[in-house]
Amino acid sequence: MTDATLSSCTSTPETTERNRLYWQSRRGMWELDLLLIPFLDGRYNQLSEQLKSDYKRLLIEEDQDLFVWLMRREPTKDPSLQALVQEIIDHAEHGSLDQYKGL
């Protein structure tokens, strides 16, 4: 095994956390996948620690609630999550269409 292969086989806590967030961002609704996964890939690393914590809390919510919030039908029940929901919406509306390739 080469050093490159060995390093790709070892996981860091950050890699483990990122993989966990990726799989939690995959939801039972395709519409949510199209919003959450590109946001995780394109914006998560630039978020403040508070917004990262909010993202983890958002993933606990039910798909039906996420859909209603992300489609702007209702505000979030938790006002502290509303800023994050708006960040996700903004990323989807203003991001490159390339973010959806491979989904």
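The values are calculated or read from the model by the stated rules, or taken from the named source; none is laboratory data. Please read all numbers here as calculations on a predicted model, not as lab measurements. When we count neighbours, we look across all protein chains shown, and the Cβ atoms used for this are built from the backbone with ideal geometry, even at glycine.
Take the residues in region 30-70 that are in a helix (DSSP H, G or I) and among the small types (G, A, S); name whichever of them is nearest to E87 (Cα to Cα).
In this case the residue turns out to be G42.
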### Task
Please indicate, with yes or no, whether at least one residue in region 2-12 is surrounded by 14 or more Cβ atoms within 10 Å (Cβ to Cβ) and modelled with pLDDT under 95.
no
### Query
Which is exposed (fewer than 14 other Cβ atoms within 10 Å of the Cβ) and in contact with a Leu (Cβ under 7 Å, 6 or more places away or on another chain), of D63, D33, D90, D54?
D63
### Pairs where the first residue, in region 54-78, is modelled with pLDDT of 95 or more and the second is exposed (fewer than 12 other Cβ atoms within 10 Å of the Cβ), C-beta under 6 Å, 6+ apart
D63/G28; V68/E74
